[in-house]
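Shown next, in structure tokens, is the structure this report addresses.
The values are calculated or read from the model by the stated rules, or taken from the named source; none is laboratory data. Quick caveat, the model's predicted, so the values are computed rather than measured. Positions of Cβ are generated from backbone atoms using ideal geometry, with glycine treated the same way; all protein chains shown enter the neighbour counts. Protein only, heavy atoms only, side chains kept; ligands, DNA and RNA dropped before computing areas. Shrake-Rupley method; radii C 1.70, N 1.55, O 1.52, S 1.80 Å.
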There are 2 protein chains.
Amino acid sequence: VKQTRAVFFISDRTGITAEVLGHSLLSQFDSISFSEITIPFVDTLEKAQEAVKRINQLAIKSEARPVVLSTLVDPAISEVVASADALFLDCFRIFIAPLEQELATKSSHAVGRSHSARDAPVYRHRIDAVNYALAHDDGLKLAGLEQADVVLIGVSRCGKTPTCLYMALQFGIRAANYPLTQEDLSSTYLPTPITPYRDKLYGLTIDPMRLQQIRYERRPVGQYATIETCESEVKKAELLMQYEHIPYIDTTTKSIEELAVTILHQSKLTRRIY
Amino acid sequence: VKQTRAVFFISDRTGITAEVLGHSLLSQFDSISFSEITIPFVDTLEKAQEAVKRINQLAIKSEARPVVLSTLVDPAISEVVASADALFLDCFRIFIAPLEQELATKSSHAVGRSHSARDAPVYRHRIDAVNYALAHDDGLKLAGLEQADVVLIGVSRCGKTPTCLYMALQFGIRAANYPLTQEDLSSTYLPTPITPYRDKLYGLTIDPMRLQQIRYERRPVGQYATIETCESEVKKAELLMQYEHIPYIDTTTKSIEELAVTILHQSKLTRRIY
């Protein structure tokens, strides 16, 4: 039987920072089954006391005390949460002191500096990029491709749309995508509509067996989801990208984060937002 | 003149964890201008040495040594990066030791556990949720709303689409959205097509002045972007949501993360993915 542990992510804002860091730490402990609970918006002493109550109630019912990972900016609130019957790890306090010393300045201890909409240009970049990705999804709109930061190409269902949306939402990058159709693949030249944007192109490819599964779930009838079609399309698409010297990446075993960061990095693009 | 500092985010995978944590730490130091550089996929000793070279080159050119925030799982690679002429803060090592002690088990020190696609169910939840959000954006498709985790309602351009896409990509939540049109707003009852899903509804509202700006940028002609139309629509939408006891949130000063987390939390939904 696996050991189980409750883990609380506690934040004065969304809790996303604590979740992201915590989740990657916990993934290092395979033999334990974690039950994760996020308590966001803990920005008053009262809410901190409520959080402590929840933690302590669970501690009583559990074999082992919970783990608390927090990103609480206000030292008074942090101190309340630290009093819970748990292993308390504060991701903020631990780094703020060495940073204050190194930068020879005091931190502002201001709540809600990250993931806040107050920063209007960030919000605008993001919404613009999302609108751009939606308007230029699946080759929908070819006008305006000159404004793209990157144009993803690849066969139908190889992962273009979620990668574009991720880049838009998380990086503020204007990402368009263009599907390589059977007609496009009958040639070893780039399709005419995207030739002018050659320098912005980045290819996605995928294992034909995996592609077949994905397509079958979506449209099981006809030639679209047969293994022959998938093999032929993927092979032709890879040859086309090789002939035309378009960089490409295999999406089969990669997460959307890995795809997005790899493309960003190799295309020498810079995140517009954090 | 503001002090400027170079900050490196170094990771054996995407670097997203280090960026997210680092960015929220740095936002506490208003008086300093940071120049942020991410070096992802540092998964060999050679790449670690290259990273050190880049850091040291910048250190020579800068007034003050850089800051390095890393999430390097392999202690040997981490040790190489630690030798750079920089303030070295490892977000991993600092927490792994207390966690190992608390959990009475050794961590696996395995690279690439987080943000990796190897976890097939995570990938599938995510793609399903993104496809769902795209198919059920802007009231496009009413069939299948019974499968939604949440259905956002609100006037045109109040922030429904990016919030749904964020919830899909980051949380694996199936989020649909339905626009409240002028016709819908002529009544104080919920529009008929969404009445069966009353328990899944969550409203978005927005300051009419801000709405007017957003709409004007998109479609400056006609009644759509006038302040009168915006004021009238927002007022009617808020009244409708109040009469029908639909919870709602003002998007004007909130980031997409804040909106998504608040809706998740108040609708008592659980993230399907991390």
Roughly how many Å is it from the Cα centre of segment A:1-53 to that of segment B:53-111, as a whole number? 23
Sequence-separation-based contact order of segment B:174-274, relative, with Cα cut under 8 Å and 6+ spacing, percent: 34
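With solvent modelled as a 1.4 Å probe, how much accessible area in total do chains A and B shield from it at their shared surface, in Å² to the nearest 100?
Chains A and B together bury approximately 7600 Å².
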Given the rule -39500 (n - 2.57) for each run of at least 4 DSSP H residues, summed and divided by the residues of chain B, what is its mean residue ellipticity at 222 nm, to the nearest 500 deg cm²/dmol? -12500 deg cm²/dmol
Out of A:256, A:197, A:242, whose Cα points farthest toward the positive end of the dipole of segment A:118-266 (charges: +1 Lys, Arg; -1 Asp, Glu; placed on Cβ)? A:256
So if I take the centroid of the Cα atoms in segment A:241-258 and the same for segment B:212-255, what is the distance between those two points in Å? 41
Each residue of segment B:234-241 in turn: what ³J(HN,Hα) in whole Hz from Karplus with 6.51, -1.76, 1.60 and θ = phi - 60°, glycine and Pro shown as x? 5, 5, 5, 5, 5, 4, 4, 5
Can you list the distances in nanometres, one decimal and ascending, from the residue A:49 label point to the identical position in each other copy, with the point 7 Å along Cα to Cβ? 5.9
Assigning unit charges at the beta carbon (Lys, Arg +1; Asp, Glu -1) and nothing else, what dipole magnitude in debye, to the nearest 20, does chain B show about its Cα centre? 280
Length-normalised contact order for chain B - Cα pairs under 8 Å, 6+ apart - percent: 15
Lys, Arg +1 and Asp, Glu -1 on Cβ, resulting dipole of segment A:128-274 about Cα centre, debye, nearest 20: 260
Could you please state, rounded to a whole Å, how far the C-alpha centre of segment A:137-190 is from the C-alpha centre of segment B:130-208? 26
Karplus-derived 3J(HN,Hα) from phi for segment B:262-274 (6.51 cos²θ - 1.76 cosθ + 1.60, θ = phi - 60°), whole Hz, x at Gly and Pro, runs 4, 5, 4, 5, 6, 8, 6, 8, 10, 4, 8, 9, 10
Find out how many positive minus negative residues lie around residue A:154, taking Lys and Arg as positive, Asp and Glu as negative, among other residues whose Cβ is under 14 Å from that of residue A:154. -1
Which translational diffusion coefficient, to the nearest whole µm²/s, is obtained for segment B:5-55 from the Stokes-Einstein equation, given a Kirkwood hydrodynamic radius over C-alpha pairs, 20 °C and 1.002 mPa s? 186
Summed over the other residues with a beta carbon less than 12 angstrom from that of residue B:4, with K and R at +1 and D and E at -1, the charge totals +1
Calculated log₁₀ intensity ratio I(q)/I(0) where the Debye formula runs over C-alpha points of segment A:33-145, q = 0.24 Å⁻¹: -1.31
Backbone HN-Hα couplings from phi across segment A:35-48 [Karplus 6.51/-1.76/1.60, Hz, Gly and Pro as x]: 10, 9, 10, 9, 10, x, 6, 7, 10, 9, 5, 5, 5, 5
Can you work out the FRET efficiency for the pair residue A:207 and residue B:135, with r the C-beta to C-beta distance and R0 = 22 Å, to the nearest 0.05? 0.30
The answer for trypsin sites (Lys or Arg not before Pro) in segment A:1-54 that fall in a DSSP coil and have at most 10 neighbouring Cβ atoms within 10 Å is A:2
Assuming R0 = 41 Å, what is the FRET efficiency of residue A:252 and residue B:35, from their Cβ-Cβ distance, to the nearest 0.05? 0.70
Local net charge near residue A:167, Cβ-Cβ under 15 Å (Lys/Arg +1, Asp/Glu -1): +3
For the protein assembly as shown, the spread of Cα positions along each principal axis, largest first, Å: 62, 60, 56
Could you tell me whether segment B:155-264 comes out rounded, prolate or oblate from its Cα gyration tensor? Rule is a ≥ b ≥ c as square roots of the eigenvalues, rounded for a/c under 1.5, then prolate if a/b exceeds b/c, otherwise oblate. oblate
Copies of residue B:140 compared via label points 7 Å along Cα→Cβ give distances in nm, shortest first, of 0.6
Can you quote the Å³ per residue value for the convex hull of the Cα atoms in segment A:218-268, rounded to an integer? 96
On alpha-carbon atoms, Rg over Rh for segment B:143-184 using Kirkwood Rh? 1.00
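List the chymotrypsin sites (Phe, Trp or Tyr not before Pro) within segment A:163-271 that fall in a DSSP loop (any state other than H, G, I, E or B) and whose Cβ has at most 12 other Cβ atoms within 10 Å. Kindly include the intermediate steps, with their values, before the conclusion.
Working: sites: A:166, A:171, A:189, A:197, A:202, A:216, A:224, A:243, A:248; in loops: A:189, A:224.
Answer in residue order: A:189.
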Stretch residue B:195-residue B:142 to full length: gain in nm at 0.36 nm per residue minus the Cα-Cα span? 17.9 nm
To the nearest 0.05, what FRET efficiency results for residue B:218 and residue B:94 with a Förster distance of 41 Å applied to their C-beta separation? 0.30
Per DSSP, loop trypsin sites (Lys or Arg not before Pro) in segment B:245-274 with at most 13 further Cβ within 10 Å: B:268
Relative pair counts by distance (%), Cα atoms of chain B, 5 Å bins: 1, 5, 10, 12, 12, 11, 10, 10, 9, 8, 6, 4, 2, 0
Inter-copy distances for residue B:121, nm, shortest first, label points 7 Å along Cα→Cβ, are 4.4
Surface share of carbon and sulfur [accessible, 1.4 angstrom probe, percent] for segment B:132-274: 51
